[in-house]
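Enquirer: One structure follows; several queries about it will come next.
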Amino acid sequence: MTQLDSAPEPERHKVAVFEDRYGVAAYSRLLALLDEPCASFADIAAQFGVTRERVRQWHLQFRPGAPRGHQRRRLCLKHQQKRELLTDPVFRAFYRQARAYFDPQRFSLIAARTGFRRRSVRLDGRLVVLRTTRTSETHADGVAVYRLSPQRRTVDFVYYQLSPDAYLFLPGVLVPASGTTFVDHAASKYWPYRNTFAAAHPPARPLNHGDSLHATTE
């Protein structure tokens with residue numbers, strides 16, 4: 001049984017009338033567009049072959065408490081700024097790996113003067129900084145040695161991207177102010193922090209793929 005099947009009869013009738021005129025699944029498509037702050041009323045109007053005024057009426061009818069006008073445009077700007085973060089390779093790798101571990105309510109973006117910070121986020125209010133690494137040498141047996149950049153200010157965690165699919169997630173207290181190296185081998189003292197966010201206990205439930213990080217100001 002779908003959510004619509006359990007809806008009151010007037011609601012089902014309203015949907016039936018709408019879809020009879022605009023096509024199968026048109027109602028759910030309209031709601032999705034109304035919930036997308038960057039979808040302009042002009043764009044929606046063009047898709048349904050109606051005027052912008054008609055879309056405005058639908059917005060009031062079907063989403064009466066939803067943001068409108070300037071507030072909707074501000075939400076669109078914030079949405080675009082979040083998407084811009086994902087063009088950054090380090091943030092994108094961190095986000096892809098973190099979302100398998102953390103509930104979205106645990107993470108928050110940090111607002112910058114324009115957009116959001118690309119190299120720091122908060123986890124349960126604790127500061128996480130994102131860093132790249134470089135291979136400083138390779139052992140004779142082929143084991144890579146990564147140079148971990150210094151962390152001179154106090155932070156709670158440091159995420160080091162080793163490769164697109166490998167990372168370290170270290171408590172900040174373990175990173176010397178002068179920097180250090182990581183030998184990519186099970187004997188390394190940092191090995192327990194490789195490809196895991198276990199340092200940020202307690203563990204959280206895995207995320208659904210539709211979840212996203214929340215934005216806060218600082």
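One line per residue, one yes/no per condition, for (1) assigned to a helix (DSSP H, G or I); (2) of a type outside the set (D, E, K, R); (3) farther than 30 Å from ASP165 by Cα:
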| site | (1), (2), (3) |
| --- | --- |
| VAL17 | yes, yes, yes |
| LEU31 | yes, yes, yes |
| GLU36 | no, no, yes |
| ALA45 | yes, yes, yes |
| GLN61 | yes, yes, yes |
| GLN71 | yes, yes, yes |
| ARG74 | yes, no, yes |
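Enquirer: Another question about this same structure. Taking the conditions exactly as written (over 25 Å from LEU75 (Cα atoms) and surrounded by 14 or more Cβ atoms within 10 Å (Cβ to Cβ)), does ALA187 satisfy them or not?
Expert: No: the conditions fail for ALA187.
Enquirer: Can you confirm whether ARG118 is surrounded by 15 or more Cβ atoms within 10 Å (Cβ to Cβ), under 17 Å from the mean Cα position of the chain (by Cα) and modelled with pLDDT of 90 or more?
Expert: yes
Enquirer: Another question about this same structure. Does ARG83 fit the bill of being out of contact with any strand residue (DSSP E or B) (no Cβ under 9 Å at 6 or more places or on another chain), farther than 30 Å from HIS13 by Cβ and not in a loop (DSSP other than H, G, I, E, B)?
Expert: When the stated conditions are applied, ARG83 passes them.
Enquirer: Would you pick out the residues in region 24-53 that are surrounded by 11 or more Cβ atoms within 10 Å (Cβ to Cβ) and more than 33 Å from the chain's Cα centre (by Cα)?
Expert: VAL50, THR51
Enquirer: What number goes with the only condition from (1) under 18 Å from the mean Cα position of the chain (by Cα); (2) buried (at least 18 other Cβ atoms within 10 Å of the Cβ) that ARG126 does not pass?
Expert: (2)
Enquirer: Return yes or no: is TYR101 surrounded by 12 or more Cβ atoms within 10 Å (Cβ to Cβ), out of contact with any Asp or Glu (no Cβ under 6 Å at 6 or more places or on another chain) and in a helix (DSSP H, G or I)?
Expert: no
Enquirer: Determine if region 134-153 includes at least one residue that is farther than 21 Å from ASP184 by Cβ and in the same structural domain as PHE197 (by TED's automatic domain parsing).
Expert: Scanning region 134-153 turns up at least one residue that is farther than 21 Å from ASP184 by Cβ and in the same structural domain as PHE197 (by TED's automatic domain parsing).
Enquirer: Looking at THR135, THR181, can you tell me which residue is at pLDDT below 90 and part of a strand (DSSP E or B)?
Expert: Unique residue meeting the criteria: THR135.
Enquirer: Find all pairs meeting these conditions: Cβ atoms under 7 angstrom apart; at least six residues apart or on different chains; first residue within region 71-94 and under 17 Å from GLU36 (Cα atoms); second residue among the acidic types (Asp, Glu) and not in a helix (DSSP H, G or I).
Expert: none
The values are calculated or read from the model by the stated rules, or taken from the named source; none is laboratory data. Nothing here was measured: the structure is a model prediction, and the numbers come from that model. Cβ: placed from backbone, ideal geometry, glycine included. Neighbour counts: every protein chain shown.
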